[in-house]
Amino acid sequence: MGFPINRYRRLRKNENIRRLVRETTLSVDDLIYPIFIEDGQNIKKEIPSMPGIYRWSLDRINEELDEVVSLGIPAVLLFGIPSYKDEVGSDTWNDEGIIQKAVRHIKKNYPNLYVITDVCFCEYTSHGHCGVLHNHDVDNDLTLENTRKQVISHAKAGADMVAPSGMMDGVVKTIREALDSAGFYDIPIMAYSAKYASSYYGPFREAADSTPAFGDRRTYQMDSANRLEALREVALDIEEGADIVMVKPALAYLDIIRDIKNNFNIPLAAYNVSGEYSMIKAAGKLGWIDEKKVMMETLTSIKRAGSDIIITYFAKEVARILKNG
């Protein structure tokens, strides 16, 4: 039946009825907050292209973590900026490396905060690529061997979850076998299953000192024009043992999020990346948009598309809004 029997505006008449019939809601339980931890002392360094986001040294990280915990954010995703880089990123498996020290510090001082570690090499290599180079490209299988060492070191430090972001073929299987053989059966893997070679990553590369010294990452990250390939990548990661799969970036890939949600019964994360964050911040600063409303609308769209988990630099701001109304 159509109008006048059906009047859809009846269910939009005021905020109370809109709340009652709202299909998609954001919760602090959906959020993971990324944190950049730099080797050194007395560091609280704002990232110019990411207003409100900082690099922290371990002696000051509690300033950030106290707020994260007080807001009820359940999990953090750690990225390290080491004092030492080399051709293979060996500091990633150094038991006294910045991430390992950070994990131990957080688990000691904030035992209920869930700690996820980024598993990659770009922040740790002198060339800025995501693994071992051979003929000016990343050697997939040599990189997997070093990934084994990295995840075991993270697990020994106390990481609750590992998140491989390098898009190496076979990385989930490699990590699952490495963790299981070392007795870390209970550590889950959040796979960057559909990670695109995106221009939205620019501010992150400034934040993490991970800009490639030459070329780009198109030989290992996905082509932004491809849709069906994402389904193949997700299917393979699930087969290899992924516990959570991810789409990155989020906002320009909402169709991919929905495709994966429709085709797979597995928890799905989406990474609301640095470029998405910075565009909203910049437009808000210029007064072109209502920053808070656009932020909430953007994250709701990611949830509505099908994401169960949202990794976002907005996590603290969203949590404050949800807490205070």
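The values are calculated or read from the model by the stated rules, or taken from the named source; none is laboratory data. Here the structure is a predicted model, which is why all the values come from computation and not from measurement. Please note: Cβ atoms are built from the backbone with ideal geometry, for glycine as well, and neighbour counts cover all protein chains shown. Areas reflect the complete protein model, heavy atoms only, side chains present, ligands, DNA and RNA absent. Shrake-Rupley method; radii C 1.70, N 1.55, O 1.52, S 1.80 Å.
Helix-derived [θ] at 222 nm for the chain: sum -39500 (n - 2.57) over DSSP H runs of at least 4, divide by residue count, nearest 500?
Working: 11 runs with 125 residues, N = 325.
Counting only the DSSP helices, I get -12000 deg cm²/dmol.
Please list, ordered by chain and number, the residues whose modelled amide H lies under 5 Å from the amide H of Ser224; skip anything fewer than 5 residues away on the same chain.
Long-range HN contacts for Ser224: Ala197.
For the stretch 93-225, what proportion of DSSP beta bridges, expressed in % and rounded to the nearest 5, is antiparallel? Walk me through the intermediate numbers first.
Numbers: 2 of 8 bridges.
Bridges in the stretch 93-225 are about 25 percent antiparallel.
Hey, of [x] -0.35, -0.56, -0.77; [y] -0.39, -0.62, -0.86; [z] -0.28, -0.46, -0.69, which did the structure itself give for log10 I(q)/I(0) by the Debye sum over Cα atoms at q = 0.07, 0.09, 0.11 Å⁻¹ when calculated?
After the calculation, the listed value that fits is [z].
List the aspartates and glutamates whose alpha-carbon lies under 20 Å from that of Lys108, not counting same-chain residues fewer than 8 positions away?
Those aspartates and glutamates meeting the cut-off are Glu38, Asp39, Asp59, Glu63, Glu64, Asp66, Glu67, Asp95, Glu96, Asp118, Asp160, Asp186.
Could you please report the charge total around Ile47, scoring K, R as +1 and D, E as -1 over all other residues with beta-carbon less than 10 angstrom from its beta-carbon? Numbers along the way, then the final one.
Values: positive: Lys45, Arg55; negative: Glu46, Glu206.
For residues surrounding Ile47, the net value is 0.
Going by average Cβ density within 10 Å per residue, which order do the peptides 4-10, 293-299 take, highest to lowest?
So the peptides 4-10, 293-299, ranked by packing, come out 293-299, 4-10.
Which three lengths, in whole Å and largest first, does the stretch 1-109 cover when its Cα atoms are put on their principal axes?
Over the stretch 1-109, Cα extents along the principal axes are 70, 32, 27 Å.
Can you tell which of Ser274, Ser181, Ser165 shows the greatest fluctuation in a Gaussian network model of the chain with Cα springs below 10 Å?
Ser181
Among the lysines, which have Cα under 25 Å from the Cα of Lys281 when same-chain residues fewer than 8 positions away are ignored?
Candidates past the 8-residue exclusion: Lys44, Lys45, Lys195, Lys248, Lys292, Lys293, Lys303, Lys316, Lys323.
With a 10 Å cut-off between alpha carbons and a GNM built on the chain, which of Leu142, Leu228, Leu11 moves the most?
Fluctuation is largest for Leu11.
Of Ser199, His127, Pro4, which is farthest towards the positive pole of the chain's charge dipole, taken about the Cα centre with +1 and -1 on the beta-carbons of Lys, Arg and Asp, Glu respectively?
Checking the options against the dipole of the chain, the answer is Pro4.
Among Ile302, Ile189, Ile266, whose mean-square fluctuation peaks in a Gaussian network model of the chain (Cα, cutoff 10 Å)?
Ile266
Read phi for every residue in the stretch 256-264 and hand back ³J(HN,Hα) as whole Hz from Karplus 6.51 cos²θ - 1.76 cosθ + 1.60, θ = phi - 60°, with x for Gly and Pro.
Calculated HN-Hα couplings, in order: 5, 4, 5, 4, 5, 4, 6, 10, 9 Hz.
Determine the distance separating the Cα centre of the stretch 217-279 from the Cα centre of the stretch 9-78; give it in Å without decimals.
So the separation of the two Cα centres works out to 21 Å.
Considering all projection directions equally, how large on average is the shadow of the alpha-carbon convex hull of the stretch 196-325, in square nanometres?
9.4 nm²
With both partners inside the chain, how many of the DSSP beta bridges are antiparallel, as a percent to the nearest 5?
15 percent
Can you sort Asp160, Asp141 by solvent-accessible area, 1.4 Å probe, largest first? Each step should come with its number before you reach the end.
Details: Asp160 40, Asp141 100 Å².
Result, largest first: Asp141, Asp160.
If Thr147, Thr300 are ordered by their accessible area, calculated over protein heavy atoms with a 1.4 Å probe, which sequence runs from highest to lowest? Before the final figure, lay out each step's value.
Numbers: Thr147 5, Thr300 40 Å².
The ordering from most to least exposed comes out as Thr300, Thr147.
Nearest 0.05, what FRET efficiency do Leu20 and Asp59 give at R0 = 45 Å with Cβ-Cβ as r?
0.40
Pairs of alpha-carbon atoms within less than 8 angstrom and 6+ residues apart define the contacts here; what relative contact order does the stretch 1-104 have, in percent?
Normalised by residue count, the contact order of the stretch 1-104 is 27 percent.
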